[in-house]
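Accompanying notes for the structure given below.
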Amino acid sequence: MGDATFAPNPVYGQGMSAAALGAKALQAVLARHGTGRGLSRKFQAELATVVTLPWQMATGEDRRWPIAENQGTMPMGQKMLGWWVDRVQEATLHSSTVAEAFYRVAQLVDPPTALFAPALVWEVARLSFQRPQLRTQPGGGPTEASPRALTTKVAGSF
């Protein structure tokens, strides 16, 4: 399955997780319906639900960059979510608890709602007030020292 079904930006490292979730979906469809008629249609419908979230995560993050092809006008909710993800990423530099929560979401182990758990919100807020924040540029792109810029530099060097 893998990239034949879903090929997000590899910088986010979700391809293998999405492929594993796709294999689990196939297993579930086979268990429910067997190999009979309509298997491919049933599996494709199930697989669409599996890849929707990582696709939205990857394209939503890509869209925040000034050079993005799909940039356009971003809805306010997406802008607010991007602002929160920036705060979470900044906090990952100072808290193993926040880092673990962020990477569990990024690697599709936990749903994105985990980034809004009250204890995590409190930790991110606490760290945001304790540490000088790494700011993004006015155009929405990261500064050289921001976690997004550092991740891109590291990933782009491979």
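Figures for the structure shown
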{"read-out": "Residue ID - modelled with the highest pLDDT, chosen from residues in the range 1-33 that are more than 13 Å from Gln44 (Cβ to Cβ) and of a type in the set (Ser, Thr, Tyr)", "value": "Ser17"}
{"read-out": "Positions within the range 83-110 being among the charged types (D, E, K, R) and under 14 Å from the mean Cα position of the chain (by Cα), in sequence order", "value": "Asp86, Glu100, Arg104, Asp110"}
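The values are calculated or read from the model by the stated rules, or taken from the named source; none is laboratory data. All values reported here derive from a predicted model rather than from experimental measurement. Methodologically, a virtual Cβ is constructed for each residue, glycine included, from the backbone with ideal geometry; neighbour enumeration extends over all protein chains shown.
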